[in-house]
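Enquirer: Below is a structure I'd like to ask you about.
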């Protein structure tokens, strides 16, 4: 079975590549030095510094592996232009009844960040918007219950 692709914008891919490079070239050597220094300080059995460094090492190595897997499956999301329907890469302005207009960039789950205006195509609102047009009303099934949004603009 083929692994699910990691949908990223070009900027999102660069950000993950930079994080991976930082972990490999800066954090990994820092943690290795912490482990070495802790070992030099004496017995590792009751050494809190050693335990902390080993935990940091496990985190760094796990994050490196996660990023390697994500980046091995990247499919770049092209910035969608003025299209008729919402798709990955679209910028969408919606308004909830009684609310103010909000603009979101539809991205993959890896780089979603609602507070930065990026929502995943797999989120309740993102999933509800996909394939719809300006002027449509959609209902998003959120944890707080159904919420209705009007699509004002796609850009």
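All of the numbers you see were taken from the coordinates with simple rules; none came from a lab. The shown structure was predicted, so the numbers you read here are calculated from the model rather than taken from an experiment. With ideal geometry, Cβ positions are generated from the backbone for all residues, glycine too; neighbour counts draw on all protein chains shown.
Enquirer: In Å and whole numbers, how far do the C-alpha atoms of the stretch 6-76 stretch along each principal axis, longest first?
Expert: 49, 16, 13
Enquirer: Roughly how tilted is helix 28-40, in degrees to the nearest 10 and between 0 and 90, from the longest Cα axis of the chain?
Expert: With rounding to tens, the tilt is 30 degrees.
Enquirer: I've got another one for you. Residue separation times 0.36 nm, minus the C-alpha to C-alpha distance between residue 136 and residue 52: what's the value? Please list the in-between numbers first.
Expert: Numbers: separation 84, 0.36 × 84 = 30.24 nm, distance 5.32 nm.
Extra length from residue 136 to residue 52 when fully extended: 24.9 nm.
Enquirer: How high is the relative contact order of the chain, in percent, counting Cα pairs under 8 Å that sit 6 or more residues apart? The partial results should precede the final answer.
Expert: Values: 249 pairs, mean separation 34.5, N = 155.
Reported relative contact order: 22 percent.
Enquirer: Another question about this same structure. Could you give the length gained by full extension between residue 32 and residue 61, i.e. 0.36 nm per residue of separation minus their alpha carbon distance, to one decimal place? Before the final figure, lay out the partial values.
Expert: On the way: separation 29, 0.36 × 29 = 10.44 nm, distance 1.13 nm.
In short, 9.3 nm is gained.
Enquirer: Which of 105, 22 has the fewest other C-beta atoms within 10 Å, and how do the rest follow up to the most?
Expert: Working: 105 20, 22 11.
Taking fewest neighbouring Cβ atoms as first place, the list is 22, 105.
Enquirer: As a footprinting exposure proxy, order 61, 78 by other Cβ within 10 Å, with the fewest listed first.
Expert: On the way: 61 14, 78 11.
The fewest-first ordering by Cβ neighbours comes to 78, 61.
Enquirer: For the stretch 1-41, what log10 I(q)/I(0) values come out of the Debye formula at q = 0.18, 0.21, 0.22, 0.27 1/Å, with one point per alpha carbon and no solvent?
Expert: -0.65, -0.72, -0.75, -0.87
Enquirer: OK, next. Grab the eigenvalues of the alpha-carbon gyration tensor for the chain, scale each by 5, take roots, and send me the semi-axes largest first in whole angstrom. It would help to have the intermediate numbers written out before the result.
Expert: Working: eigenvalues 373, 60, 30 Å².
Taking √(5λ) for each eigenvalue gives 43, 17, 12 Å, largest first.
Enquirer: So if I average 1/r over every pair of distinct C-alpha atoms in the stretch 91-154 and take the inverse, what Kirkwood radius in Å does that give?
Expert: Hydrodynamic radius (Kirkwood, Cα only) of the stretch 91-154 equals 11.6 Å.
Enquirer: Expressed as an acute angle from 0 to 90° and rounded to the nearest 10, what is the orientation of the C-alpha long axis of helix 48-72 relative to the principal long axis of the chain?
Expert: Approximately 40 degrees, to the nearest 10.
Enquirer: Nearest 10 degrees is fine. How inclined is helix 10-22 to the longest principal axis of the chain, computing both from alpha carbons?
Expert: Once rounded, one gets 10 degrees.
Enquirer: I need the shape label for the stretch 77-127. Rule: rounded when a/c is under 1.5, else prolate if a/b > b/c, else oblate, with a, b, c from the alpha carbon gyration tensor. Could you put the intermediate results ahead of the total?
Expert: On the way: a/c = 1.85, a/b = 1.23, b/c = 1.50.
In terms of gyration-tensor shape, oblate.
Enquirer: Here's a follow-up. With 10 angstrom as the radius, rank 130, 95 by how many other C-beta atoms surround their C-beta, starting from the fewest.
Expert: 95, 130
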